[in-house]
Amino acid sequence: MLTAALLLSFVACPDAREPLSMAVSPAQSFAPTILAIRVHVDPDPDDRALEVVAESGVYYRSSRIQLDGTEAARTISLEFRNVPAGDYDVRGVLFNSSGHERAVVRKHVSVIDSAESE
């Protein structure tokens with residue numbers, strides 16, 4: 001029982017950091033819209049690239065940012081402009097020096113067709 005309690009306290013530790021987190025704004029809006037994306041990267045010596053993608057069934061937009069390990073910015077902000085209507089999977093992918101995914105984060109965004117609201 002003591003072991004289980006110790007494991008649970010370790011898992012619930014508030015200081016445990018995720019290597020990648022993301023906020024996308026607005027979560028819901030009318031088309032065309034601007035998606036403001038802020039990605040927080042917990043620096044690691046092996047970090048080499050961050051790719052941010054917004055994808056729906058008919059639209060794809062991406063941006064790849066080079067990172068320099070622990071010297072990279074902790075917060076990266078970017079905008080995707082003129083995003084058309086659709087349900088979007090917005091994801092951030094952190095790559096290491098071998099080109100492998102180190103972390104992935106996802107958010108869902110809904111862009112409503114302006115004609116539907118009338």
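A short reminder: the numbers here are calculations on the coordinates, not readings from a lab. Quick caveat: nothing in here was measured; it's all calculated off a predicted structure. A quick note on method: Cβ atoms are made from the backbone with ideal geometry, for glycine too, and the neighbour counts reach across all protein chains shown.
Brief remarks on what is shown
- Cβ-to-Cβ counts within 10 Å put Thr33, Thr75 in ascending order as Thr75, Thr33, the fewest first.
- Contour excess over end-to-end distance, with Cα ends at Ala115 and Thr70 and 0.36 nm allotted per residue: 11.5 nm
- Net charge of neighbours whose Cβ lies under 9 Å from the Cβ of Met22, counting Lys and Arg as +1 and Asp and Glu as -1: +4
- Summed residue charge, Cβ within 13 Å of Val90's Cβ, Lys/Arg positive, Asp/Glu negative: 0
- A Cβ-based charge dipole, computed about the Cα centre of the stretch 17-113 with Lys and Arg at +1 and Asp and Glu at -1, lands at about 180 debye.
- Using C-alpha pairs under 8 Å with a sequence gap of at least 6, the mean separation divided by the residue count of the stretch 26-118 gives a relative contact order of 38 percent.
- In nm, spacing of pseudo-spin labels at Leu78 and Asp46 (7 Å Cα→C-beta vector): 2.3
- The label-point distance for Ser63 and Arg106, in a model that sets each label 7 Å from Cα toward Cβ, rounds to 2.2 nm.
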